[in-house]
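One structure is given here, and the rest of the page talks about it.
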Amino acid sequence: MRWRSPLPWGFVIALAIMALQASAPCVTEAQSVKTRLAIVGLDHDHVWSLLSDIAGEPSVELIAIADPDSALVSQAQKEVPASVKFYSDYVAMLDEVKPEAVIVTTSNDRHLEILRQCAKRHIHYSTEKPMATSAKDAREMERLARDANIKLMVNYWNAWVAPSHALFHRVKAGEVGAVERIIVQYGHQGPKEIGVSQQFANWLYNPVKNGGGAIMDFGCYGAELSLWLKGRPSRVYATTRKMKTEQNNKVDDDATIVLEYPDATAVIEASWDWPYTKEQVEVFGPKGSLLARHSTLLHRSADARGTNVAPDGENIALDALSKETGNPVSYFVDCIRNNKPIEDPVSAQLNVQVMEILDAARESARTGKPQELR
């Protein structure tokens, strides 16, 4: 006798499909909803590359931009979706569109003021380097973010290139031995010479809005990298110059900062007077050296000698960065969506120390005396 199912076949199939769906991985509502992001300021030229990063990040929705400059707004409107709203007043934007996070691309002296407004509204915050114009402001920014329980990131482009990541990990793994010397060379021919926007130049050459000239613009890279690789120095000595006297700029265009450690020295050469773009950090120890440029990493062993040895060392093959660390927008949003801490070298804690070094460097340049760091 044939066995007959007590249930209709259609119902049995439906139950099987439901069981398969229940066992399959599911995308939660929180994961599928995009992070609502806004931009404050368009007068920092790095904003245009950040807009490109935002466009390539599928978990982000750019909802609004705030800037009072009509020319910059017109330029931005050509770069973003038509759905993006524009405001002249960033506080009104924060209240009306209620973003989850903001990216701040303004003059350095506005960073604290804008963070204060974001902290009140519990909005995550990323700003372009340096963190502020003084260590006092930076410490207040860190406190506000901590009390409001929001993410605070300070964006350095060098944190998002593979050679810097590889250099850091190889140094920490002891590839050169104990770090004894760091040489950082950063800068270019000068903002005017490379053709930055007039809006950007207006505050880069302003001692109040920028906090200085090349010593701030590129000295912060050297301070950040030295802290990341070696830690906090004990003493700071610096000199600044105005090489381009014919321009009558109110800020320095060339700075040398020396960081003293009990067992090492870091030399930071920050300048708007290089004949071409310079962006490199070299680390020396008893076992050899590592040299990171924008797209390459070189290693020279202390044992490598002879006429056939490349002076800077041999090229090291680099692994691609993960998607989450591929650019600053992806990293910032990943930390927000997955509640991860913002890590060095873009953390608030490290960048407060960057500002303490820059404060000491400017005071040393003013007085001609080394400054102790406590």
- Message: Quick check on region 326-362: of everything there that is farther than 30 Å from Arg241 by Cα, out of contact with any helix residue (DSSP H, G or I) (no Cβ under 8 Å at 6 or more places or on another chain) and in contact (Cβ under 8 Å) with a residue 40 or more places away in the chain, which residue is surrounded by the most Cβ atoms within 10 Å (Cβ to Cβ)?
- Response: Phe332
- Task: Provide a single number: the residues in region 88-115 that are under 19 Å from Ile63 (Cβ atoms) and assigned to a helix (DSSP H, G or I).
- Result: 9
- Message: I'd like to verify a number: residues in region 164-188 that are crowded, with 17+ Cβ neighbours inside 10 Å and either assigned to a strand (DSSP E or B) or out of contact with any His (no Cβ under 8 Å at 6 or more places or on another chain) (or both), how many?
- Response: 15
- Note on the structure: (1) within 13 Å of Leu37 (Cα to Cα); (2) charged (D, E, K, R); (3) open to solvent by less than 60 Å² (accessible area, probe 1.4 Å) all hold for Lys98 apart from (3)
- Working only within region 37-63, note down all residues that are of a type outside the set (S, T, N, Q) and over 22 Å from Ser74 (Cα atoms). Glu57, Pro58, Val60
- Top-ranked residue of region 224-270 - restricted to ones that are more than 17 Å from Glu372 (Cβ to Cβ) and among the β-branched types (Val, Ile, Thr), ranked as surrounded by the most Cβ atoms within 10 Å (Cβ to Cβ): Ile268
- So, in region 271-301, of the ones that are closer than 18 Å to Lys192 by Cα and of a type outside the set (S, T, N, Q), which residue ends up surrounded by the most Cβ atoms within 10 Å (Cβ to Cβ)? Trp272
- Query: For Thr127, are the conditions met, namely being at pLDDT 95 or above, under 17 Å from the mean Cα position of the chain (by Cα) and farther than 22 Å from Ile336 by Cα?
  - Reply: no
- Pick from region 363-374, criterion of a type in the set (S, T, N, Q) and part of a helix (DSSP H, G or I), ranking: surrounded by the fewest Cβ atoms within 10 Å (Cβ to Cβ): Thr367
- Conditions (1) under 21 Å from Val161 (Cα atoms); (2) of a type outside the set (A, V, I, L, M); (3) open to solvent by 50 Å² or more (accessible area, probe 1.4 Å): number failed by Cys220: (3)
- Message: Restricting to region 216-232, name every residue that is touching a helix residue (DSSP H, G or I) at 6+ places or on another chain (Cβ under 6 Å) and among the aliphatic types (A, V, I, L, M).
- Response: Ala223, Leu227, Leu229
- Filtering region 116-152 for residues that are closer than 26 Å to Gln199 by Cα, assigned to a helix (DSSP H, G or I) and open to solvent by 20 Å² or more (accessible area, probe 1.4 Å) leaves a count of 3
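The values are calculated or read from the model by the stated rules, or taken from the named source; none is laboratory data. In this text the structure is predicted, and so the values were computed from the model without any measurement. Cβ: placed from backbone, ideal geometry, glycine included. Neighbour counts: every protein chain shown. For accessibility, only protein heavy atoms count, side chains too; no ligands or nucleic acids. Shrake-Rupley method; radii C 1.70, N 1.55, O 1.52, S 1.80 Å.
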